[in-house]
Amino acid sequence: MAGLGTGRAKLDGYGPFGVARVGPAREVELGWFRRRSRPGQSGPARTADLAHLEAFAGSRRGVEAFIEPRTTVTETTLVLVAVDGEWTRRRVPGPDAARDLGRRLGIPVYDANLVGYPKRMREWTSRRKAAGDTGVPRGQSGRTPDPPAG
């Protein structure tokens, strides 16, 4: 078969599920469904995400943390909620890393699936929307999504 020894393979045809037949008896997987990494990101939780969470907790009173589990769409995230209801959400490497961060910062950490979100968080978002303030809150970079309903 021409080209097999040079690192190039001649593809005879495509089989099911992204498998290409190379020659009469050899198949190779094609990376059609692999996730592409985005430029500027160094993994599930960037250093900037963790630095933002630390800065938020250090500059507000009464901060509590709520771990949101990984889903098929998002990585594990951590929501920090201050005493006045102001909140922020960022990715973390995993639940254990979120708990470690909470211990380091001296703040309580809860599982959002078990305890839900505090009422003050929803009230803070409602007050901002009623005032027409839909931009990024002071001191926060990036988009802060709306909290779950409930």
Fill in the blank from the handout: Here the residues within segment 116-136 that are out of contact with any strand residue (DSSP E or B) (no Cβ under 8 Å at 6 or more places or on another chain) and among the basic types (Lys, Arg) are Lys119, Arg122, Arg127, Arg128, Lys129
Exercise for the section: Tell me, please, whether a residue that is exposed (fewer than 15 other Cβ atoms within 10 Å of the Cβ), charged (D, E, K, R) and either in a strand (DSSP E or B) or at pLDDT below 55 (or both) can be found in segment 38-48. Expected result: yes
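Each row is one residue, and each column tells you yes or no for (1) modelled with pLDDT under 95; (2) more than 17 Å from Arg61 (Cα to Cα); (3) out of contact with any helix residue (DSSP H, G or I) (no Cβ under 9 Å at 6 or more places or on another chain).
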{"residue": "Val73", "(1), (2), (3)": "yes, yes, yes"}
{"residue": "Val81", "(1), (2), (3)": "no, no, no"}
{"residue": "Gly106", "(1), (2), (3)": "no, no, no"}
{"residue": "Asp111", "(1), (2), (3)": "no, yes, no"}
{"residue": "Arg122", "(1), (2), (3)": "yes, yes, yes"}
{"residue": "Thr134", "(1), (2), (3)": "yes, yes, no"}
Practice task
Looking only at segment 105-135, count how many residues are under 18 Å from Thr77 (Cα atoms) and touching a residue at least 40 places away in the same chain (Cβ under 8 Å).
Solution key: 12
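The values are calculated or read from the model by the stated rules, or taken from the named source; none is laboratory data. Just so it is clear, the model here is predicted, and its values are computed rather than measured. Don't worry about glycine lacking a Cβ; one is built from the backbone with ideal geometry, like all the others, and counts go over all protein chains shown.
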